[in-house]
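For reference, the structure is listed below as structure tokens.
Just so it is clear, none of the values below were taken in a lab; they were calculated from the coordinates. Keep in mind that this is a model prediction, so the values were computed, not measured. So basically every Cβ, Gly included, is an ideal-geometry build from the backbone, and we count neighbours across all protein chains shown.
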Amino acid sequence: EKMQGNIAIDGPAGAGKSTVARLLAARLGYLYIDTGAMYRALTWKALGLGIDLEDSRRLVELAEGTSIRLEDRGEGGIAVYCDGEEVTRAIRRSEVSRYVSIVAGVPGVRQYLVKLQRKMAASNRVVMDGRDIGTLVLPGAPYKFFLTASLAERARRRYQELLASGQQADLETIMEEIRQRDARDSQREVAPLKPAPDAIIIDTSQMSVEDVVARIMSLIAVAGQQG
Ligand code: CDP
Ligand code: CDP
């Protein structure tokens, strides 16, 4: 294997970042780091404590006093621990999805988590996904991808996931939730969602997961030969 260096994957909700990142990491023997899970874990804790989400100072204190740990289980995905408690499933609940972009909009919260994320990437053998990985967390990463898909397709994917796991879901509600979260993530002052200038943009609307993984693997191989 010639390749060396971190892989950054960014994009809006439901673009396929975490699914693709997990598979890439398993194939390359890299560590997968889901930064969204860190913002979600903090949001889960804040909601549980009844913290006022408008109180930025309190949220920064909360972040600094919280231990968030990600355990890579390979193809089995990532297990997430918040202060030692497993929250892998709890952080996917719709209440967390609804509020996470508010917590993620607090500059001090981001500063703290970004510092952790950079430490986690020190091996130079990670696939990290999020919103600001290529632009801010790992601007020097040699491989950067920005995955997108139409809003309708991304909502449909989330809807399918919920149905498949036996939960009830409403497509219109999911689409509206994703639309609002994307808007907040793209319009915020600090580290807004946008492709890094050197990211390769992949529209996955008409692609399968396997198509996307194969495309990225071949782009990495080409870059490795050129570099
Ligand atoms: O999986 P999904 O696309 O629903 O979202 P996620 O990756 O779990 O991220 C949840 C939220 O965390 C995003 O909507 C952002 O508000 C925030 N986030 C962020 O601001 N920066 C990151 N690097 C990762 C997530
Ligand atoms: O992390 P992000 O929010 O970007 O997306 P995800 O959590 O990986 O969810 C994407 C969902 O769409 C998963 O159920 C995938 O199986 C499915 N999907 C995909 O990720 N990529 C495609 N090209 C097609 C479907």
Checklist entry - Among 175, 209, 192, which residue has its Cα positioned farthest towards the positive end of the charge dipole of the stretch 171-227, with +1 placed on the Cβ of Lys and Arg, -1 on the Cβ of Asp and Glu, and the dipole taken about the Cα centre? => result 192
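Using +1 on the beta carbon of Lys and Arg, -1 on that of Asp and Glu, and nothing else charged, what's the dipole of the chain about the Cα centre, debye to 20? Spell out each step's value before the answer.
Values: 31 positive and 30 negative charges, 80 e Å.
For the chain, the charge dipole is close to 380 debye.
How high is the FRET efficiency between residue 218 and residue 153 when r is their beta carbon distance and R₀ equals 22 Å, given to the nearest 0.05? Numbers along the way, then the final one.
Details: r = 23 Å, r/R0 = 1.04.
It comes to 0.45.
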Next on the checklist: Using the basic label-point model (7 angstrom from Cα toward the beta carbon), what is the residue 225 to residue 94 distance in nanometres?
Outcome noted: 4.8 nm
Checklist entry - Taking +1 at the Cβ of each Lys and Arg and -1 at the Cβ of each Asp and Glu, which of 140, 66, 38 sits farthest along the dipole of the chain towards its positive end, judged by Cα position relative to the Cα centre? => result 140
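Translational diffusion coefficient of the stretch 172-215 at 25 °C, 0.890 mPa s, Stokes-Einstein with Kirkwood Rh over Cα pairs, in µm²/s as a whole number.
Values: Rh = 12.8 Å.
Roughly 192 µm²/s, to the nearest whole number.
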Next on the checklist: Students often forget the sequence filter, so: which aspartates and glutamates lie under 15 Å Cα-Cα from residue 17 once same-chain residues fewer than 8 apart are removed?
Outcome noted: 34, 75, 129, 132, 153, 161, 182, 203, 210, 211
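Where the convex hull is taken over the Cα atoms of the stretch 131-227, what is its projected area averaged over directions, in nm²?
On the way: hull surface 29.6 nm².
It is 7.4 nm².
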Next on the checklist: For a quick check: with amide H placed at 1.01 Å from N, whose amide H comes under 5 Å from residue 32's, ignoring anything fewer than 5 positions away on the same chain?
Outcome noted: 127
Item to check | Cβ crowding within 10 Å averaged over residues, with 27-40, 159-172 ranked highest first | outcome: 27-40, 159-172
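Let me spell out the model: positive unit charges on the Cβ of Lys and Arg, negative unit charges on the Cβ of Asp and Glu, origin at the Cα centre of the stretch 140-227. What dipole size does that give, in debye rounded to 20? Write down the numbers at each step before the final one.
On the way: 11 positive and 13 negative charges, 40 e Å.
Around 200 debye, computed over the stretch 140-227.
Can you give the local net charge around residue 84? Use residues other than it whose beta-carbon is closer than 14 angstrom to its beta-carbon, Lys and Arg +1, Asp and Glu -1. All intermediate terms of the calculation are to be shown ahead of the outcome.
Values: positive: 45, 69; negative: 71, 83, 85, 86.
Summing Lys/Arg as +1 and Asp/Glu as -1 gives -2.
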Item to check | Quotient of C-alpha Rg and 2.2 N^0.38 Å, computed over the chain | outcome: 0.98
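Rounded to the nearest 500, what is the chain's calculated 222 nm mean residue ellipticity when only DSSP H runs of at least 4 contribute -39500 (n - 2.57) each, over all residues?
Value at 222 nm, helices only, nearest 500: -15500 deg cm²/dmol.
Around residue 61, with a cut-off of 13 angstrom between Cβ atoms, what is the net charge of the other residues, counting Lys and Arg +1 and Asp and Glu -1?
Neighbour charge sum, excluding residue 61 itself: 0.
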